[in-house]
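Chemist: For reference, the structure I am asking about is given below.
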Amino acid sequence: MEMFKDKKVRNDIILALVVVIAAAGIWLFSEVTKEDGAFAVVVVDGVETERYPLDTDAEIRLESENGGYNILVIKDGKADVTEASCPDHVCVDQRAAGRTGEAITCLPNKTVITIEGPSDSEVDFVS
């Protein structure tokens with residue numbers, strides 16, 4: 001193969017493969033180590049307003065200060081925004097969140113729903 005005779009091209013290909021493999025490994029590690037969430041934490045305009053357990057099905061209307069709203073549906077251990085008053089509906093198009101660290105964000109309504117685990121809500125005073 002003539003393409004691999006040039007050392008620069010060969011080294012570039014090796015570097016690209018190493019970067020792709022490293023990125024895939026980091027992504028796989030982060031996906032495997034995430035745990036199922038326990039709470040959907042709602043923050044409106046920078047202030048935590050409520051915590052909803054993910055093990056209880058519910059439909060909640062979240063009101064924002066600008067008059068907008070989001071409909072949060074908790075079902076099967078996941079939180080999902082199914083309806084919103086915002087013009088772009090990016091929050092509605094996001095997939096349901098159910099693992100720690102996942103979030104659903106609605107910028108026009110200044111609403112963020114973050115998934116936390118059971119240990120995230122406990123304060124450790126020892127350390």
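Only the coordinates and a few stated rules stand behind these numbers; no lab work does. Note that the coordinates shown come from a computational prediction; the quantities given were computed from them, not determined experimentally. Glycine also receives a Cβ, built like all others from the backbone with ideal geometry; neighbour counts cover every protein chain displayed.
Chemist: Loop-only GluC sites (Glu not before Pro) in the range 15-90, please: DSSP not H, G, I, E or B, and at most 10 other Cβ atoms within 10 Å.
Modeler: When the GluC sites (Glu not before Pro) of the range 15-90 are filtered for loop state and at most 10 Cβ neighbours within 10 Å, E65 remain.
Chemist: Give me a comma-separated list of calculated 3J(HN,Hα) values for the range 81-90, in order, Karplus coefficients 6.51, -1.76, 1.60 applied at θ = phi - 60°, integers in Hz, x for any Gly or Pro.
Modeler: 8, 9, 8, 8, 8, 5, x, 8, 6, 5
Chemist: Sticking with this structure for a sec: Would you kindly calculate the mean projected area, averaged across all directions, of the convex hull enclosing the Cα atoms of the chain, in square nanometres?
Modeler: 12.8
Chemist: May I have the count of lysine pairs in the chain with C-alpha atoms under 30 Å apart, counting pairs 8 or more residues apart or located on different chains?
Modeler: For the chain, qualifying lysine pairs total 5.
Chemist: Helix 7-33 versus the longest principal axis of the chain: what is the Cα-based angle in degrees, 0 to 90, to the nearest 10?
Modeler: 30
Chemist: For the chain, just give the cysteines left without a disulfide-compatible partner, judged by no other Cys Cβ under 4.7 Å.
Modeler: C86
Chemist: Under the classification rounded if a/c is under 1.5, otherwise prolate if a/b is larger than b/c and oblate if not, where does the range 44-114 fall, given a ≥ b ≥ c as square roots of the Cα gyration tensor eigenvalues?
Modeler: Judged from the Cα gyration tensor, the range 44-114 comes out prolate (a/c at least 1.5, a/b above b/c).
Chemist: Follow-up. Can you show me the helix-derived [θ] at 222 nm for the chain, built from DSSP H runs with n ≥ 4 at -39,500 (n - 2.57) apiece and divided by the number of residues, rounded to the nearest 500.
Modeler: -8000 deg cm²/dmol
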